[in-house]
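The block underneath contains the structure these notes are about, expressed in structure tokens.
The values are calculated or read from the model by the stated rules, or taken from the named source; none is laboratory data. Not measured: the values here are computed from a predicted model. Cβ placement follows ideal geometry from the backbone for every residue including glycine, while neighbour counts extend to all protein chains displayed. Ligands, DNA and RNA are excluded from the accessible area calculation, which covers all protein heavy atoms including side chains. Shrake-Rupley method; radii C 1.70, N 1.55, O 1.52, S 1.80 Å.
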Amino acid sequence: MAAVAGQKPQARGRPGPETVGAIPRRKGGGAGLSLACKPLAQAPLSCETSLRKLKFKHGSVSPDEAARAAPFHLDLWFYFTLQNWVLDFGRPIAMLVFPLEWFPLSKPSVGDYFHMAYNVITPFLLLKLIERSPRTLPRSIIYVSIIVFIMGASIHLVGDSVNHRLLFSGYQHHLSVRENPIIKNLKPETLIDSFELLYYYDEYLGHCMWYIPFFLILFMYFSGCFTASKAASLMPGPALLLVAPSGLYYWYLVTEGQIFILFIFTFFAMLALVLHQQRKRLFLDSNGLFLLSSFALTLLLVALWVAWLWNDPVLRKKYPGVIYVPEPWAFYTLHVSSRH
């Protein structure tokens, strides 16, 4: 009773301070309250992080990603340049070098096998390049571009195989299909339409489905090659050594593929993106500088190529119009192979 009498009476119906808010109070400084409110204190940070990830996923560059510069991908760029020279540029050369007894005209040539390897290795390297991009790129566009790229390169494989095999029968690349001596006298004349359809699949449809997604993927990768550190905006020595062979290959790609409009549009879009990002104090990293330098060298080589063949009357006849960019193989059949 004495112990009970020493306590103050409590109003009936009013909860004690120990039960206010259903949070038990412990002796020793309210540790229970701090534990209960800890998730609430972390909630704003969690929401901010989620919002930052959501923004970056939809294309805006987050400060964390902009501050981190990706290292130069020497392995990928080296393999990419090497397989371009061997499997694409070297494809028609290998077809002419290897004897016909090994690869008869009724079977695929060694160049066709090079093209098959190119159609597998190049999409793989492009996907690996996208994986190393510091920016999260839209996967749906990447997947569709890769699918269209493989389909266009495969269409080109068939048309280009037949067109290059016709060289052994006297076909001349500097002439149109109907003007070629081995084509214009075919009977019935509907066969000429079939060869023109083959040429269309090779030089127009195949090239468009091949090169448009190719340059689109490179541009999307380039859009993530920016850093907030100006010190990281330098190319290492190996990158400088790869610029020359890379730019020279793209010269062959632009001239032989007849895609100067697509190339120049991509190049100026890259320049516009660089100027736009500079306003945000973002600079190209080593990978972006390498790609932009390669394209700049390509533009210079194309200008020199066109200036050299500007007054060629035969090539002028085959490539009429404002944009005059002769193909290297047309030059070869006109000025090189005709002398032998």
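Table for the structure above
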| item | result |
| --- | --- |
| Enumeration of residues in region 275-296 that are in contact with a Ser or Thr (Cβ under 8 Å, 6 or more places away or on another chain) and either among the aromatic types (Phe, Trp, Tyr) or closer than 19 Å to residue 263 by Cα (or both) | 283, 289, 290, 294, 295 |
| Sole exception among (1) assigned by the TED database to the domain that holds residue 86; (2) aliphatic (A, V, I, L, M); (3) part of a helix (DSSP H, G or I); (4) open to solvent by less than 20 Å² (accessible area, probe 1.4 Å) for residue 157, by number | (4) |
| Single match in 248, 275, 234 (criterion: open to solvent by 50 Å² or more (accessible area, probe 1.4 Å) and closer than 27 Å to residue 163 by Cβ) | 248 |
| Members of region 219-258 that are among the aliphatic types (A, V, I, L, M) and either in contact with a strand residue (DSSP E or B) (Cβ under 8 Å, 6 or more places away or on another chain) or under 16 Å from residue 299 (Cβ atoms) (or both) | 228, 232, 243, 244, 248, 253, 254 |
| Which numbered condition residue 219 fails, given (1) surrounded by fewer than 19 Cβ atoms within 10 Å (Cβ to Cβ); (2) in contact (Cβ under 8 Å) with a residue 60 or more places away in the chain | (2) |
| Test result for residue 286, buried (at least 18 other Cβ atoms within 10 Å of the Cβ), at pLDDT below 95 and touching a Phe, Trp or Tyr at 6+ places or on another chain (Cβ under 7 Å) | yes |
| Helices (runs of 4 or more DSSP H) wholly inside region 191-303 containing at least 3 residues that are of a type in the set (Phe, Trp, Tyr) and in the same structural domain as residue 149 (by the TED database) | 206-222 |
| The listed residue being of a type outside the set (Ser, Thr, Tyr), within 30 Å of residue 234 (Cα to Cα) and open to solvent by less than 40 Å² (accessible area, probe 1.4 Å), out of 304, 292 | 292 |
| Conditions (1) more than 23 Å from residue 306 (Cβ to Cβ); (2) open to solvent by 20 Å² or more (accessible area, probe 1.4 Å); number of the one not met by residue 261 | (1) |
| Residue list for region 89-140, restricted to those being surrounded by fewer than 16 Cβ atoms within 10 Å (Cβ to Cβ), in contact with a helix residue (DSSP H, G or I) (Cβ under 9 Å, 6 or more places away or on another chain), among the charged types (D, E, K, R) and in a loop (DSSP other than H, G, I, E, B) | 132 |
| All positions within region 160-208 that are in contact with a Pro (Cβ under 9 Å, 6 or more places away or on another chain) and open to solvent by less than 30 Å² (accessible area, probe 1.4 Å) | 160, 161, 164, 171, 174 |
| All positions within region 243-270 that are in contact with a Leu (Cβ under 8 Å, 6 or more places away or on another chain) and over 23 Å from residue 137 (Cβ atoms) | 243, 244, 247, 248, 251, 264 |
| Residue within region 168-185 that is of a type in the set (Gly, Ala, Ser), assigned to a helix (DSSP H, G or I), within 30 Å of residue 72 (Cβ to Cβ) and in contact (Cβ under 8 Å) with a residue 12 or more places away in the chain present | no |
| Looking only at region 311-340, and only at residues there that are free of Cβ contacts under 8 Å to residues at least 40 places away in the same chain and in a loop (DSSP other than H, G, I, E, B), the one that is farthest from residue 259 (Cα to Cα) | 340 |
